[in-house]
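All remarks here apply to the structure that follows.
The values are calculated or read from the model by the stated rules, or taken from the named source; none is laboratory data. Computed from a prediction, not measured in an experiment: that's the story for all the values here. Reconstructed Cβ throughout: ideal geometry from the backbone, glycine too, with neighbour counts over all protein chains shown. Note: areas computed on protein heavy atoms with side chains; ligands, DNA, RNA excluded. Shrake-Rupley method; radii C 1.70, N 1.55, O 1.52, S 1.80 Å.
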Amino acid sequence: MLAELGFGVLVLTFFLTLYSFTAALYGEWKRSEAVVESARRAMLLTWPLLTLSALALIYLLVNNAYQVSFVYEVTSRSMPAYLKATALWGGQAGSLVFWAWLMSAFTSLVALRKWERDRELLPWVLVVAAFTLAFFLSLIVFFENPFLRYWQTAGGNVLRAVFQPANTLPFIPSDGRGLNPLLRHPGMVIHPPMLYLGFVSFVIPYAFAMAALITNRSDDRWIRLTRRWTLWAWLFLSLGLVLGGRWAYDVLGWGGYWAWDPVEIAAFMPWLTGTAFLHSVMIQEKRGMFKQWNMLLIILTYALVIFGTFLTRSGVLSSVHAFAQSAIGPMFFGFIALTSFFSVGLLIYRWGSLKADVEIKSLFSREALFLFNNLLFMSVLVVCFWGVLFPLLSELFTNQKVTVGPPFYERATAPLFAALMLLMGAAPLSAWGTASARTIGRALWKPALAALFVTAVLFFTYTRHPIALIGFFLIALVLFVTFYEFWRAARARTKAHAENILLAFWNLFGRNRRRYGGYVIHISMMLMAVGILGIELFQRETQGTLALQQSLVLGGYRLEYRDIARFPGPDSREVTRAVVDVYQGERYLGQLYPRIDYYPEAQQNMTIPGQRPTLRDDLYVLLVDWKPASSSGATFKVYVNPLVNWLWLGSLIFLAGILIAAWPERERSAEQ
Amino acid sequence: MKRHFFLIGALIAVFAFFWPAGASAQGSTPSDDDVNRIARELYCPVCENTPLDVCPTQACAEWREQIRLMLAEGKTDAEIKQYFVDYYGARVLAEPPRQGFNWLAYLVPPVLIALGAFVLVRALRDWVKPGVTEAGTGESEPPADSAESDEYIQRLAEELQKRR
């Protein structure tokens with residue numbers, strides 16, 4: 001009953017979305033306010049409907065309705081209820097429903113805003129959003145239906161269908177296959193929604209951009225209208241990436257957080273163009289230049305969002321041939337081709353009207369530096385895109401599978417990231433319009449000297465690794481420049497408003513949220529860079545098989561194997577947990593409990609590390625293999641990951657920075 | 001002058017692509033660390049994008065033992081890697097081997113990046129020095145001698161913009 005309801009509602013929503021699309025077009029064509037209004041209301045209806053459908057699916061998931069094939073595939077009786085509910089995004093069909101649900105929520109929010117002032121944009125925003133939503137709904141309705149049920153024929157064959165085929169009886173498995181153990185982790189519960197939120201919310205600025213192009217509004221109104229959307233989208237996407245990294249670090253058991261895996265890169269690529277976009281729209285807002293470029297960036301971001309979903313959902317990454325076999329692969333491909341063709345075609349058509357008098361006074365002006373920033377982000381994108389694409393091309397053209405792994409990306413992107421950091425140091429000190437090498441040099445030399453001093457101290461006390469020293473110099477430079485900017489601005493306030501320095505500092509954020517939020521983000525990025533440099537350049541590891549009371553030594557730590565125990569855990573796991581005493585020199589630091597969780601239903605092991613995080617390093621111990629305690633002992637793999645916790649610390653500050661930047665401004669919101 | 005900077009930058013980018021992966025040392029008794037040193041640079045032949053040293057499957061454990069065996073036989077790192085490539089194909093390497101079609105993997109990004117840099121620098125050169133464009137954008141540019149007063153007008157316009 002619920003399955004029919006859920007599916008029926010999905011079909012209804014699909015047609016409603018098509019109606020909204022058509023009515024918006026027709027209303028615009030006939031200049032009929034009433035028809036456009038009808039399109040808007042249709043769009044508003046999609047959200048409650050999809051909510052109903054998603055709730056039906058969640059109800060089935062939580063209540064072990066194993067006749068529904070999606071429920072059978074992603075849940076099992078032993079799973080806790082919260083995991084059953086979040087298994088919604090643990091499989092293909094459910095995650096598409098979730099995508100569509102978020103998309104309709106965002107589109108409804110947009111439809112609900114006051115449209116008096118920008119009425120001419122409304123139908124086109126609806127057209128773009130409805131088209132995207134209809135595409136995802138069509139995937140669900142026609143190819144990846146989560147409400148299919150099992151039916152058994154008289155001959156014993158099991159079929160999948162929503163409605164009961166003739167001469168069949170319901171087939172209800174007694175238990176489900178259960179969620180992939182890798183996904184049974186709190187990080188996995190929130191990482192996909194964050195990523196999807198980021199993906200979906202980038203559709204909104206794209207829709208506005210297209211509306212602006214179609215209506216030939218060449219001003220920056222669409223950018224101002226979507227500025228906060230873009231920031232939130234960027235926040236979610238960034239959080240999705242960081243949470244994914246944290247999950248990998250805690251669960252995958254390879255001592256790292258980022259492996260340049262194509263799935264990771266699929267989410268990283270729209271982040272790159274989105275970040276470039278966030279910077280370059282400022283040039284348009286301040287100087288009215290590069291309108292075409294900003295359009296191109298948002299089109300690219302949208303295409304990469306769909307491309308990212310395509311990469312992870314079509315099976316193309318395991319093999320190009322899997323792509324051809326999967327039903328949704330070609331659909332995605334067609335959709336990306338179609339939307340890119342239309343968007344770029346439209347952009348070319350409007351190219352002339354977007355043209356502005358470009359005048360850059362100096363290569364050191366802020367707008368010029370932002371252009372270099374864009375070039376670098378696009379360069380990283382080129383490396384990532386090609387790295388993901390090349391194995392597919394190789395398989396297609398030479399029938400040879402190849403891997404493009406971390407060495408490729410690290411070698412190519414490290415100099416680009418270093419150059420970005422240099423820009424991050426210089427750009428805040430330059431001015432819009434006029435700025436010369438001399439003015440920047442005058443502002444830069446003090447922070448540069450301080451950074452040099454820090455580097456020298458590190459040289460004598462911490463490392464002589466040349467790349468590390470360059471990295472730390474750049475990090476210190478950006479930090480000093482940013483602090484210098486804060487201090488300069490706060491001091492100016494103390495003079496102008498007779499405020500004390502702390503109050504002045506606080507008020508800075510109120511005055512120009514985007515700028516100072518942006519600076520906080522720069523600081524957070526540098527803290528993350530400390531962590532990345534630390535783990536990339538100084539990670540140490542060792543592995544050994546120990547009998548009880550034996551020790552492994554690494555990076556000043558000594559780990560003594562004390563005990564091992566097996567016991568049943570929650571979620572029907574079989575837990576094998578080792579107890580390891582940690583010493584630094586002779587000092588006892590405490591115990592770590594690396595463990596192996598075995599999931600019998602999936603016949604899969606999860607290697608969960610024991611961790612001892614400090615700001616200096618992270619001691620990360622894995623139980624790789626074990627024998628009964630009486631015999632030859634257990635194999636441990638130990639990593640010392642220097643500085644890596646700065647990465648997680650940085651991501652918290654990043655969150656703060658973006659909240660500052662995206663927080664509504666009183667004056668502005670009144671104006672809008 | 002500035003163009004030279006970009007040329008050098010582009011050269012560095014190209015050079016960085018060809019920088020060989022670090023050579024590894026050779027141990028006499030194959031410990032787990034010796035095995036992992038090589039396994040880390042190989043990819044599991046069956047799982048996707050999983051380095052051999054961390055892959056938890058039974059098959060990978062056996063492949064690691066294979067490495068240990070070969071190390072004990074006195075095989076070099078390169079020979080062991082080649083053995084895996086011969087048996088399981090180039091996909092076991094962390095990067096495509098630099099030969100034939102695979103050169104595209106290494107050449108396309110630096111070429112595209114250099115192209116992007118070239119286009120940007122060319123454009124900036126046009127934008128930074130209005131008035132001395134060759135064919136240029138086709139828009140009427142003010143004569144070079146009015147640059148000073150032009151700057152004044154620009155600044156005035158900006159001030160007005162700010163006031164608005």
Starting at the first residue of the stretch B:58-71, write each ³J(HN,Hα) from the Karplus equation 6.51 cos²θ - 1.76 cosθ + 1.60 with θ = phi - 60°, in whole Hz, x for Gly and Pro. 4, 4, 5, 4, 5, 5, 5, 5, 4, 5, 4, 4, 5, 4
Inter-label distance for A:V158 and A:I172, nm, one decimal - labels placed 7 Å from Cα along Cα-to-Cβ: 1.5 nm
What number does the stretch B:22-94 give for Rg over Rh if you use C-alpha atoms and the Kirkwood radius? 0.92
Exactly which trypsin sites (Lys or Arg not before Pro) in the stretch A:88-154 are in a DSSP loop and have at most 13 other Cβ atoms within 10 Å? A:R113, A:K114, A:R117
Residue span A:T22 to A:A327: 0.36 nm per residue of separation minus Cα-Cα distance leaves a gain in nm of 107.2 nm
Filter A:K84/A:K401; A:K286/A:K446; A:K30/A:K114; A:K401/B:K81; A:K286/A:K355; A:K30/A:K291 down to the pairs with a C-alpha to C-alpha distance above 26 Å, please. A:K84/A:K401; A:K286/A:K446; A:K30/A:K291
The stretch A:357-390 to the stretch A:40-78: how many Å between their Cα centroids? 43 Å
Quick one: Cα centre-to-centre distance for the stretch A:407-437 and the stretch A:95-138, in angstrom? 36 Å
Sequence gap at least 6, Cα distance under 8 Å: using those rules, report the relative contact order of the stretch A:319-451 to the nearest whole percent. 32 percent
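Ranked from highest to lowest mean number of other Cβ atoms within 10 Å per residue, what is the order of the peptides A:339-348, A:174-183?
Listed from highest to lowest mean packing, they are A:174-183, A:339-348.
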For the stretch A:1-84, what are the per-bin percents of Cα-Cα distances with bins 5 Å wide, up to the bin holding the maximum? 3, 15, 19, 14, 12, 10, 8, 7, 5, 4, 1, 0
Using only Cα atoms, locate the centre of the stretch A:292-319 and the centre of the stretch A:534-598, then give the distance between them in Å, rounded to an integer. 41 Å
Treat each spin label as a single point 7 Å out from the Cα along the C-beta direction, and report the A:E586 to A:R616 distance in nm. 1.8 nm
Using alpha-carbon pairs under 8 Å, 6+ residues apart, how would you state the relative contact order of chain A in percent? 10 percent
Please state, as a whole number in µm²/s, the translational diffusion coefficient that the Stokes-Einstein equation yields for the stretch A:322-374 at 4 °C and 1.567 mPa s, with Rh defined as the Kirkwood radius across alpha carbon pairs. 88 µm²/s
Can you send over the carbon and sulfur percentage of the accessible area for the protein assembly as shown, probe radius 1.4 Å, protein chains only? 64 percent
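When only DSSP loop residues count, what GluC sites (Glu not before Pro) in the stretch A:557-645 have their Cβ near at most 11 other Cβ atoms within 10 Å? List each step's numbers first, then the result.
Values: sites: A:E560, A:E574, A:E586, A:E601; in loops: A:E586, A:E601.
In loop regions of the stretch A:557-645 (DSSP not H, G, I, E or B), the sparsely surrounded GluC sites (Glu not before Pro) are A:E586.
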How many percent of the alpha carbon pairs in the stretch A:540-647 exceed a separation of 22 Å? 31 percent
Positions from the stretch A:342-380 whose accessible area shrinks by 10 Å² or more when the full protein complex is built, not the chain alone, probe 1.4 Å: A:K355, A:D357, A:V358, A:E359, A:I360, A:K361, A:L363, A:F364, A:L371, A:F372, A:L375, A:S379
Counting only Cβ distances under 4.7 Å between cysteines, those in the protein assembly as shown with no partner are A:C384
Where Rh denotes the Kirkwood radius from the mean inverse Cα pair distance, what is Rg over Rh for chain A? 0.99
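Taking the solvent-accessible surface of protein heavy atoms with a 1.4 Å probe, what is the per residue accessible area of the protein assembly as shown in Å²?
45 Å²
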Could you check the spin-label model distance between B:C47 and A:R515? Points 7 Å from the Cα along Cα→Cβ, value in nm. 5.0 nm
Kirkwood Rh over Cα pairs of the stretch A:74-233 into Stokes-Einstein at 20 °C, 1.002 mPa s: D in µm²/s? 116 µm²/s
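Say R0 is 60 Å: what FRET efficiency, to the nearest 0.05, do A:F397 and A:H497 get from their beta-carbon distance? Mind dumping the intermediate values first?
On the way: r = 66 Å, r/R0 = 1.10.
Once rounded, the FRET efficiency stands at 0.35.
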Have a look at the stretch B:52-83 and report residues whose accessible surface goes down by 20 Å² or more when the remaining protein chains are included, against the chain on its own, probe 1.4 Å, ligands and DNA/RNA excluded. B:D53, B:V54, B:P56
Between A:A356 and A:V457, what is the FRET efficiency for a Förster distance of 45 Å, r being their Cβ-Cβ separation, to the nearest 0.05? 0.40
Directionally averaged shadow of the stretch A:1-178, computed from the convex hull of its alpha-carbon atoms, nm²: 11.0 nm²
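Among A:64-72, B:69-77, what's the highest-first ranking by average C-beta atoms within 10 angstrom per residue?
So the peptides A:64-72, B:69-77, ranked by packing, come out A:64-72, B:69-77.
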Just need the Rg to Rh number for the stretch A:377-424, please, alpha carbons only, Kirkwood Rh. 1.11
Return the value, in Å² to the nearest 100, of accessible area buried between chains A and B (probe 1.4 Å, both sides summed). 4100 Å²
